[in-house]
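Trainee: Pasting in a structure now, in structure tokens, and then I'll have a few things to ask.
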């Protein structure tokens with residue numbers, strides 16, 4: 001019983017090896033017209049499936065590319081806003097520092113040398 005099962009599996013494996021060689025285009029000279037037509041149909045069906053999968057993959061890649069471009073634009077804009085805010089803070093700090101130094105300088109300057117409004 002086990003021996004019969006092993007023989008069956010071995011024969012099935014051999015047949016699958018032959019079929020695989022045929023699908024690769026090897027050892028096809030022994031095939032008749034009907035077998036060649038079946039092989040061609042199997043290859044065409046396989047090719048159609050591969051092309052569909054490839055098309056689906058390319059569509060997904062384009063979608064991902066667009067999403068990444070949008071995310072990149074959003075992040076660049078966010079970075080720009082933060083840089084502008086930081087620059088604004090720096091300008092205010094510089095301005096405040098300048099005004100403080102001017103006040104300190106004015107208080108050290110003798111009264112007579114200060115510019116008086118007319």
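Trainee: Return yes or no: is residue 32 exposed (fewer than 10 other Cβ atoms within 10 Å of the Cβ) and at pLDDT 90 or above? Spell out the reasoning first.
Mentor: Working: exposed (fewer than 10 other Cβ atoms within 10 Å of the Cβ): yes; at pLDDT 90 or above: yes.
When the stated conditions are applied, residue 32 passes them.
Trainee: Just a yes or no: is a residue in the range 92-101 assigned to a helix (DSSP H, G or I), surrounded by 10 or more Cβ atoms within 10 Å (Cβ to Cβ), at pLDDT 70 or above and on the phi < 0 side of the Ramachandran plot?
Mentor: No, the range 92-101 contains no residue that is assigned to a helix (DSSP H, G or I), surrounded by 10 or more Cβ atoms within 10 Å (Cβ to Cβ), at pLDDT 70 or above and on the phi < 0 side of the Ramachandran plot.
The values are calculated or read from the model by the stated rules, or taken from the named source; none is laboratory data. Everything numeric in this text was worked out from a predicted model, so none of it was measured. Every residue, glycine among them, receives a Cβ derived from its backbone with ideal geometry; neighbour counts consider all protein chains shown.
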